[in-house]
């Protein structure tokens, strides 16, 4: 179900803005339509449209509600109060604790009439709440500034001494600190990195939360997190990935950044409800590198470079975990080089790394921004090169294939366990148009074995 963004304070007082001669009635109605269309609150719609300044709006709320306004830009929070509101609730309700005097906690809120948010804080803080009004953007900035340091995995170091590393040693340590769960997450990731594993699964079993590594198609058991720690572990893992730990009934998708030997690494986190409890799937992605470091044969490298400079489809093929995403991101880096002067865009469920010069787009089903909608509107951005993470329907597939006739270069991925599997799949009549439009095909056998075909070679090879 879509999440509607509202501000209860402004919804209640929006017509008071008209009575105060700050906004004409018809503008309020237009702002409401704009807010609904963009899934923002009406106050943000008024500010974005230039109808009101944020300062004017906040001063109006201060006078109307008799709740003081606090400018957070140069404000120093009492870090000891962060424990009263967790990161997820702070982001969700746009609220942050400022200080506590005796039994009263003063909190800055963008929406001071959100009684549900106040009740939530009362429930966890177990003290009286005194709200003040602050800018939504300033609150979010302070949340990032103060909470981020407490929700990072930390750096993982690998060396020869850790060949026999076992994450369960961290599980059974005597550490009683608040960041013990973070250390457990880091230990599991470290063992996965040392074992060259890219997929980690957490699922409920008889002895608690099972930790499993997936490698070369096999599922390997790597221990259990006891039931008494399961809820805390899952909540911390979700917070690290900026997911909502209070939500378990619907799937969530997030990113978990960490460092390995000073190299930034991104993993995706996917949660999914089952009758046994949430199943969590973690996938680790290697950072992209220069294309020339992957494609070391100059002839093959030039085939790819030439394909980026003309209309056609670049098809990247391989088995699961073969490294398709890694190769594609390296191709995108090559495509975005300044000498090409190309508008490079992506459509993905989750961007793995921020690539300089690439306009990366993440789909968001929660607000109705799916592949079909992206397909309808991306042409208005006049892209030269488009990367599509995956295509599920023939209609969308045909649409993007036809963009080649509008002088677009399309980068697609295609799952095939081996070359014979690839031949069999592409033999279907549905792929006849695709095959005729392919300017370059890349098949990844392994990290050290990558074949590159131009159109003429590919047509002969796949017969």
message: Shape verdict for segment 204-279, please, from the Cα gyration tensor: rounded (a/c under 1.5), prolate (a/b greater than b/c) or oblate.
response: oblate
- request: Enter the angle in degrees (range 0 to 90, nearest 10) between the Cα long axis of helix 115-125 and the first principal axis of the Cα atoms of the chain, meaning the one along which they spread out most.
  value: 90 degrees
field: Efficiency of FRET between residue 116 and residue 359 - r from beta-carbon atoms, R0 51 angstrom, step 0.05
entry: 0.90
field: Rounded to 10°, Cα long-axis angle of helix 298-308 versus longest principal axis of the chain
entry: 50 degrees
Segments 189-195, 227-233 sorted - mean Cβ within 10 Å per residue, highest first: 189-195, 227-233
- prompt: Listing 379, 62 from the residue with the fewest other Cβ atoms within 10 Å to the one with the most, what is the order?
  reply: 379, 62
field: Full-stretch length increase - residue 406, residue 349 - with 0.36 nm per residue and alpha-carbon distance subtracted
entry: 18.0 nm
- prompt: According to the square roots a ≥ b ≥ c of the eigenvalues of the Cα gyration tensor, what is the shape class of the chain, taking rounded for a/c under 1.5, prolate for a/b larger than b/c otherwise, and oblate for the remainder?
  reply: oblate
message: Roughly how far apart, in whole Å, are the Cα centres of segment 394-419 and segment 54-73?
response: 52 Å
message: I need the shape label for segment 291-461. Rule: rounded when a/c is under 1.5, else prolate if a/b > b/c, else oblate, with a, b, c from the alpha carbon gyration tensor.
response: rounded
- prompt: What is the list of residues in segment 59-79 whose amide nitrogen lies under 18 Å from a point 7 angstrom out from the Cα of residue 127, following Cα to Cβ?
  reply: 76-79
query: If we sort 77-87, 214-224 on the protection proxy, mean other Cβ atoms within 10 Å, highest first, what's the order?
result: 77-87, 214-224
task: Assuming R0 = 22 Å, can you tell me the calculated FRET efficiency for the pair residue 337 and residue 399, based on Cβ-Cβ distance, to the nearest 0.05?
output: 0.20
query: How much length is gained on full extension from residue 137 to residue 246, taking 0.36 nm per residue of separation minus their Cα-Cα distance?
result: 36.9 nm
query: How many nm is it between the label spots at residue 99 and residue 78, if each spot is 7 Å from the Cα in line with the beta carbon?
result: 0.7 nm
statement: Exposure proxy check on 361, 440: fewest-to-most Cβ neighbours within 10 Å is 361, 440
Label point distance in nm, residue 449-residue 25, each placed 7 Å from Cα along Cα→Cβ: 7.6 nm
message: One quarter of the convex hull surface, Cα atoms only: what value does that give for segment 155-285 in nm²?
response: 8.1 nm²
- request: Note the angle between two axes, namely the Cα long axis of helix 25-38 and the longest principal axis of the Cα atoms of the chain, as a number of degrees from 0 to 90, rounded to the nearest 10.
  value: 40 degrees
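Values quoted throughout were computed directly from the atomic coordinates according to the rules given, and no laboratory measurement underlies them. The structure presented is a predicted model; accordingly, all values stated were derived computationally and were not measured. Because the Cβ atoms are built from the backbone with ideal geometry, glycine has one as well, and the counts that use them run over all protein chains shown.
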